[in-house]
Amino acid sequence: MRRRALIKLFAGFAAGLLPLAASAQQATRARWPAAAEKARRDYQKISRPDEADRERYISRLIRIRERAASGKDDSWEAVDNELRKHPAPADAAKLSARLAGEWQSPRHDYLYRNDGTWTMLPAEQDGIQSTHGTWRIDGNQLIETVFTEPPITSRHTIILISDRDFVFAHDDDVFYETRLKPERRR
């Protein structure tokens, strides 16, 4: 009889904890859309936002998205939706100058050269050249061609290229890359 009573006690205790765990998870999920909404309201309060204001807003959203994406839910999608509404201004020369350098995505590192070529890093592995191609910027559109057979060309809308972040969109997807510092190279 004692064993059954103990099992009932543990079962009751566990059942009592489930609602607490669920509400804690919901609070965590709600935090990121609320943070993004606050950032949006703060940005909308600026009567005449300039490019520096837009870049600060986009950078703030990126940091919110990084924290949201580390969770096990899809609350980051709200941030992606907001980011797509704020493409970079069409300034090909400025964007091209900012893009040159090494970038790290979640899967690969890339080198964008000033001569309009790019390569996945490392540039060569086991004597085989890595995926590579050409790039150019037209307005705020990144146009990349991958040297495959046949070559594949894609067009992406640039949202931000800063000293730290490179964010661009293609259809419903938003892609994030971080500038590599020499000491951080893989």
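The values are calculated or read from the model by the stated rules, or taken from the named source; none is laboratory data. From a predicted model like this one, the values you see are computed outputs, not experimental measurements. No Cβ is skipped: glycine too gets one built from the backbone with ideal geometry, and neighbour counts run over all protein chains shown.
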Q | Some residue of region 78-99 being closer than 21 Å to LYS181 by Cα, outside any helix (DSSP H, G or I) and in contact with a Gly (Cβ under 8 Å, 6 or more places away or on another chain) | A | no
Q. Within the set of pairs 6 or more residues apart or between chains, which connect a residue that is surrounded by 14 or more Cβ atoms within 10 Å (Cβ to Cβ) inside region 115-126 to a residue that is modelled with pLDDT under 90 and assigned to a strand (DSSP E or B) with Cβ atoms less than 8 Å apart?
A. THR119/GLN129
(Q) Given the criteria of a type outside the set (Ser, Thr, Tyr), in contact with a Gly (Cβ under 6 Å, 6 or more places away or on another chain) and in contact (Cβ under 8 Å) with a residue 40 or more places away in the chain, does ARG164 qualify? (A) no
Q) Would region 50-65 turn up any residue that is in the same structural domain as THR145 (by TED's automatic domain parsing) and exposed (fewer than 13 other Cβ atoms within 10 Å of the Cβ)? A) no
Q.
Looking at (1) surrounded by fewer than 15 Cβ atoms within 10 Å (Cβ to Cβ); (2) assigned by TED's automatic domain parsing to the domain that holds ARG56, which one does ALA78 not meet, given that it meets all the others?
A. (1)
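So which of ARG136, ARG113 ends up being more than 26 Å from ARG60 (Cβ to Cβ), touching a Leu at 6+ places or on another chain (Cβ under 9 Å) and of a type in the set (D, E, K, R)?
Only one candidate passes the filter, namely ARG136.
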(Q) Can you find a residue that is modelled with pLDDT of 95 or more, surrounded by fewer than 16 Cβ atoms within 10 Å (Cβ to Cβ), out of contact with any Cys (no Cβ under 9 Å at 6 or more places or on another chain) and more than 15 Å from ASP165 (Cα to Cα) anywhere in region 96-113? (A) yes
